[in-house]
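Each remark here refers to the structure printed beneath this line.
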Amino acid sequence: KNQVEQSPQSLIILEGKNCTLQCNYTVSPFSNLRWYKQDTGRGPVSLTIMTFSENTKSNGRYTATLDADTKQSSLHITASQLSDSASYICVVSFPLTGNQFYFGTGTSLTVIP
Amino acid sequence: DAGVIQSPRHEVTEMGQEVTLRCKPISGHDYLFWYRQTMMRGLELLIYFNNNVPIDDSGMPEDRFSAKMPNASFSTLKIQPSEPRDSAVYFCASRTSGGHTDTQYFGPGTRLTVL
């Protein structure tokens, strides 16, 4: 069983709209939780990194939240742009060294004009 | 900085052949990671190095896979013999040792197709 589950698997939204991607994990304890953006044909790029003690982290129009009690994280994208079309991957790392990882299978986001 | 460099970008080979993937990490980074990505399984960590030393290779699927890092600026991932199920995109990533929350920087990947 995958210890990091992402939903939805895919999502289509209109340009300018907001959206929220979900990540549920069972990994415990963990070191940090990361959200990556992966454009088609390219390597993942880090958006946010949160330690287990952080609740929220922003990077421009991207805001990640973390609820360690419910083991849920979300990535909220505000005022979406066509360039936001990509896969978004949630990664939970453990133990304290942070060099062992559980990966979600990603959410594929398509922003249409 | 040119970022993490991987070569080749695409590789097509026949089953049974040896395949060598190459990676040049960002200068000054002392952690290097090899990942595999498929549609079915997503991203998987294969192995990582710290200061050229393999630290954790528990993700390496079989003895057919081997990785080396002879110096701080070069690493290889070798598959011998290759099989069709090895077809995937292989990513190399690097980061500094400033802390476990440091960002990993990924290369563009090598798309491997084994016929």
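The values are calculated or read from the model by the stated rules, or taken from the named source; none is laboratory data. Fair warning: this is a prediction, and the values are worked out from it, not measured in the lab. No Cβ is skipped: glycine too gets one built from the backbone with ideal geometry, and neighbour counts run over all protein chains shown.
Summary table below
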| read-out | value |
| --- | --- |
| A:Thr40 vs. criteria in contact with a strand residue (DSSP E or B) (Cβ under 9 Å, 6 or more places away or on another chain), part of a loop (DSSP other than H, G, I, E, B) and not hydrophobic (A, V, I, L, M, F, W, C) | yes |
| Residue selected from region B:1-40 under the condition of a type in the set (D, E, K, R) and modelled with pLDDT under 95, by the criterion nearest to B:Gly107 (Cα to Cα) | B:Asp1 |
| Residue in region B:92-115 that is free of Cβ contacts under 8 Å to residues at least 60 places away in the same chain, within 29 Å of B:Glu14 (Cβ to Cβ) and in contact with a Leu (Cβ under 8 Å, 6 or more places away or on another chain) present | no |
| Count of region B:1-55 residues which are polar (S, T, N, Q), closer than 15 Å to B:Ser87 by Cβ and in contact with a strand residue (DSSP E or B) (Cβ under 7 Å, 6 or more places away or on another chain) | 3 |
| Residue ID - farthest from the other protein chains (Cβ to nearest Cβ), chosen from residues in region B:94-115 that are in a strand (DSSP E or B) and touching a Pro at 6+ places or on another chain (Cβ under 8 Å) | B:Val114 |
| Looking only at region B:67-86, and only at residues there that are within 17 Å of B:Val114 (Cα to Cα) and surrounded by 16 or more Cβ atoms within 10 Å (Cβ to Cβ), the one that is nearest to the other protein chains (Cβ to nearest Cβ) | B:Leu77 |
| Strands (runs of 3 or more DSSP E) within region B:2-56 that include 1 or more residues under 18 Å from B:Ser94 (Cβ atoms) | B:5-7, B:19-24, B:31-38, B:42-50, B:53-56 |
| Residue that is modelled with the lowest pLDDT, among those in region A:43-90 that are outside any strand (DSSP E or B) and within 14 Å of chain B (Cβ to nearest Cβ) | A:Phe52 |
| Members of region A:1-18 that are assigned to a strand (DSSP E or B) and surrounded by fewer than 19 Cβ atoms within 10 Å (Cβ to Cβ) | A:Glu5, A:Ser7, A:Ser10, A:Leu11, A:Ile12, A:Ile13, A:Leu14 |
| Residue within region B:28-42 that is basic (Lys, Arg), within 12 Å of chain A (Cβ to nearest Cβ), surrounded by 14 or more Cβ atoms within 10 Å (Cβ to Cβ) and closer than 20 Å to A:Phe101 by Cα present | yes |
